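These notes are about the structure you will find just below.
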Amino acid sequence: MSGFKTLDDYQFDGKTVLVRADLNVPMKDGAVSDTTRIDRLAPTLTELSQAGAKVVVLSHFGRPKGGPDPKYSLRPVVDAVSKAVGQKVAFAPDCVGPQAKEAIANLHGGSIIVMENLRFHPEEEKNDPGFAKQLAELGDIYVNDAFSAAHRAHASTEALARLLPNAAGRLMEAELKALTLALENPERPVAAVVGGAKISTKLDLLGNLVRRVNLLALGGGMANTFLYARGTAVGASLCEKDMAEQAREIMAIADQAGCEILLPRDAIVAKEFKAGAESQVVAIDQVPADAMILDVGPATVEYVTLKLQGCRTVVWNGPLGAFETRPFDAGTNAVAGSVAALTKAGRVLSVAGGGDTVAALAAAGVEDSFTYVSAAGGAFLEWLEGKDLPGVAALKG
């Protein structure tokens with residue numbers, strides 16, 4: 001993923017810089033309830049502001065139905081952005097046209113403004129060249145700091161990048177460097193830890209990973225499907241029995257590629273799924289017919305941890321059990337803790353992201369102990385699948 005410019009390649013004083021951000025953040029009672037994405041964006045905005053640029057922030061928010069909708073306005077997000085950058089941030093009621101131009105004209109160097117939701121214009125999601133041109137008229141340089149939206153070929157992520165001098169923001173730069181080190185040019189052996197409910201949503205991901213990593217440790221509901229495909233009874237567990245053939249195909253590809261797949265050796269099972277439910281540890285071939293596998297067991301944790309100690313790079317996606325509900329968080333917490341310890345000791349480079357991964361690692365208390373944890377969902381997963389991301393390709397184009 002090399003070949004893109006960064007903020008180090010430009011002088012920004014006196015320039016108007018269009019920053020594609022991801023302000024599609026959770027809201028509750030009219031206020032931002034999780035500022036993670038804003039906090040990670042702040043260094044780019046602050047650096048550009050301190051360099052003397054007019055900083056124009058472009059973002060989508062939610063899924064409005066083809067026009068302006070107060071429910072999807074970015075106005076309520078501005079206070080959180082202001083707090084993150086330590087200065088008052090302005091707001092424009094549109095992202096293109098006369099109102100947008102006037103709002104930017106009224107700024108002074110060092111000011112930051114958030115423009116109204118890009119998706120209030122249907123042309124944004126259509127990657128419309130005319131709409132991209134309208135956006136380009138607002139600034140001198142384009143900076144993409146929204147890796148989490150880089151898998152979408154939209155006007156503000158793809159077409160706009162090709163109309164102006166462009167660069168990756170600091171968050172995008174960090175993300176691309178981490179991903180390059182994790183899978184494109186990794187230090188081997190490489191392990192992938194993949195969990196989650198279903199293999200049907202991760203077929204491309206698994207198919208790509210077994211060709212690129214040395215070790216694949218599986219947990220969660222998807223591991224049950226692999227166990228079933230191998231002839232192991234999984235009781236009343238979540239299991240996609242109709243995906244057994246695909247699971248066998250992935251195991252065959254792994255065998256040919258020299259990738260070792262680690263499946264659970266034991267499990268925590270219960271007859272009902274609720275907090276504090278009566279549970280027991282059983283060998284993986286001893287799951288009662290009326291019980292559900294809800295977490296990997298201690299022997300599996302020990303087995304996976306031992307294998308990871310021999311690796312130099314670890315990529316993580318998805319929990320190993322029903323981590324949201326105790327006591328079924330123990331397996332995820334234990335293995336994540338081991339990866340965190342290996343990372344702190346300098347023995348592995350660890351990169352995680354996608355879906356419930358961030359929440360699972362945060363719940364385990366190790367989110368800050370991995371080398372890099374991506375806040376991107378779909379973009380991180382598509383990268384794991386080996387797909388080209390339009391927003392990244394445009395920066396390199």
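Just one of the listed residues (Gly318, Gly378, Gly346) is at pLDDT below 95 and either on the phi > 0 side of the Ramachandran plot or β-branched (Val, Ile, Thr) (or both), and it is Gly318.
For residues that are farther than 17 Å from His60 by Cα and modelled with pLDDT of 95 or more, tally how many sit in segment 15-32. Final tally of qualifying residues: 3. In summary, Gly231 fulfils each of the numbered conditions (1) without any contact (Cβ under 8 Å) to a residue 12 or more places away in the chain; (2) small (Gly, Ala, Ser); (3) open to solvent by less than 10 Å² (accessible area, probe 1.4 Å) with the single exception of condition (3).
Restricting segment 11-37 to residues that are β-branched (Val, Ile, Thr), farther than 21 Å from Leu160 by Cβ and not in a helix (DSSP H, G or I), the residue that is farthest from the chain's Cα centre (by Cα) is Val32. The numbered conditions (1) in contact with a Gly (Cβ under 6 Å, 6 or more places away or on another chain); (2) at pLDDT 95 or above are all true for Gln134 except (1). Pull up segment 79-103, narrow it to residues that are part of a helix (DSSP H, G or I) and open to solvent by less than 10 Å² (accessible area, probe 1.4 Å), then point me to the one that is nearest to Lys54 (Cα to Cα). Among those that are part of a helix (DSSP H, G or I) and open to solvent by less than 10 Å² (accessible area, probe 1.4 Å), it is Ala100.
Are any residues in segment 235-247 of a type in the set (Gly, Ala, Ser), closer than 15 Å to Gly219 by Cα and either assigned to a loop (DSSP other than H, G, I, E, B) or in contact with a Cys (Cβ under 8 Å, 6 or more places away or on another chain) (or both), and if so, which ones? Spell out the reasoning first.
The initial filter retains those residues of segment 235-247 that are of a type in the set (Gly, Ala, Ser), namely 235-237, 244, 247.
Remaining after also requiring closer than 15 Å to Gly219 by Cα: 237, 247.
Matches in segment 235-247: Ser237 only.
Which of the residues spanning segment 349-372 are open to solvent by less than 10 Å² (accessible area, probe 1.4 Å) and either over 21 Å from Pro327 (Cβ atoms) or part of a loop (DSSP other than H, G, I, E, B) (or both)? Talk me through it step by step, then tell me what you get.
Of all residues in segment 349-372, those open to solvent by less than 10 Å² (accessible area, probe 1.4 Å) come to 350-354, 357, 360-361.
Residues satisfying the conditions are Ser350, Val351, Ala352, Gly353, Gly354.
Taking strands (runs of 3 or more DSSP E) as the structural unit, those lying wholly within segment 130-234 and holding at least 3 residues that are under 30 Å from Glu302 (Cβ atoms) correspond to 190-194, 215-218.
Could you name every one of the strands (runs of 3 or more DSSP E) located completely within segment 257-304 that has at least 2 residues being open to solvent by 20 Å² or more (accessible area, probe 1.4 Å)? Working first, answer last.
On the way: elements: 260-262, 266-270, 279-283, 292-296.
Of the strands (runs of 3 or more DSSP E) lying wholly inside segment 257-304, those with at least 2 residues that are open to solvent by 20 Å² or more (accessible area, probe 1.4 Å) span 260-262, 279-283, 292-296.
Could you list, in sequence order, the residues of segment 305-318 that are in contact with a strand residue (DSSP E or B) (Cβ under 7 Å, 6 or more places away or on another chain), surrounded by fewer than 23 Cβ atoms within 10 Å (Cβ to Cβ) and hydrophobic (A, V, I, L, M, F, W, C)? The answer is Leu308, and nothing else. Note on segment 142-177: residues that are of a type in the set (A, V, I, L, M, F, W, C) and open to solvent by 10 Å² or more (accessible area, probe 1.4 Å) amount to 6. State whether the residues of segment 62-78 include one that is open to solvent by 40 Å² or more (accessible area, probe 1.4 Å), outside any helix (DSSP H, G or I), in contact (Cβ under 8 Å) with a residue 12 or more places away in the chain and under 22 Å from Phe147 (Cα atoms). Yes - at least one qualifying residue is present in segment 62-78.
In segment 196-225, the residues that are free of Cβ contacts under 8 Å to residues at least 60 places away in the same chain reach residues that are open to solvent by 50 Å² or more (accessible area, probe 1.4 Å) and polar (S, T, N, Q) with C-beta atoms within less than 7 angstrom, at least six apart or across chains, in these pairs: Ile199/Gln246; Leu203/Gln246. Taken over segment 38-61, the criterion of being crowded, with 20+ Cβ neighbours inside 10 Å, of a type in the set (Val, Ile, Thr) and in a helix (DSSP H, G or I) is satisfied by Ile38, Thr44.
The values are calculated or read from the model by the stated rules, or taken from the named source; none is laboratory data. Quick caveat, the model's predicted, so the values are computed rather than measured. Here the Cβ is made from the backbone with ideal geometry for all residues, glycine too, and neighbour counts use every protein chain on show. With ligands, DNA and RNA removed, areas are computed over all heavy atoms of the protein, side chains included. Shrake-Rupley method; radii C 1.70, N 1.55, O 1.52, S 1.80 Å.
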